[in-house]
Amino acid sequence: MEKITNSIDLKEIEKKTWRSTLEDGLLDMYFGMLVLSIGLGITLGDLLPEPFDSLLPIILMIIGLILFLLGKKFITQPRLGIVKFGFRQKTRKLKTVLVLSINSIILLILFIIRLVNPDLRLIFPVYIEGLIIGLLFITFPLCFAAYFLQYTRLYFIALLVGLSFFLSDLLSIILPEPFDALMAFGIVSVIIIIEGFIFLIKFLRKYPLSKEEMT
């Protein structure tokens, strides 16, 4: 009975520790940067000369990743320490990577097909098509990732990112291309980044550094 209780306690401790590493909001802000890079890539693709049109989204993604890693190193680790998780949590991460990798391959195939044949469309109207693509290939896979990672805020992010394609189609009524996409993805990215920043402030207040740790 004591061994079972200890095992349950260790699992609960690991869950709480894992969730505390997600409280800093840094991953939220990183997702926001990714969404912004997508919007800028779509918008500036036809405006910038090659190869800058392709490099700008990649540069923004790299900047977002660097800021995320620096935040973990200089903000999260000094407050929570370096945590090594067990096999159960590593399996969850592996499943998440697998789901997102398969989804990325499908998206790449769809992108190549549309690039080769721009006139190719689904049987649905253009607005419904954007909604279906966003929910099916963005929202659902990210929801799987949220489940495996036990990252509840990712459900909200997944819904926002999935709806950004639909929002872009709606904004195309009043905005010329490609600024409809910039506005749609810009709005979504700002919401996600602000959400992440709010959680970062809460994290800093919840886990303040002592004077000795700050020096």
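We did not get these values from a lab; they are worked out from the coordinates using the rules stated. Just so it is clear, the structure is predicted and the values come from calculations on it, not from any experiment. Every residue, glycine among them, receives a Cβ derived from its backbone with ideal geometry; neighbour counts consider all protein chains shown.
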### Query
Summing Lys, Arg as +1 and Asp, Glu as -1, what charge do residues with Cβ under 13 Å from the Cβ of residue 189 carry, residue 189 excluded?
-2
### Task
Just grab the label-to-label distance for residue 20 and residue 44, each label 7 Å out from Cα along the Cβ direction, in nm (one decimal).
4.0
## Note on the structure
Taking 193-201, 71-79 and ranking on average Cβ neighbours within 10 Å, highest first, one gets 193-201, 71-79
### Query
Tell me, in nm to one decimal, what length is gained between residue 62 and residue 150 on full extension, where the rule is 0.36 nm per residue of separation less the Cα-Cα distance?
29.2 nm
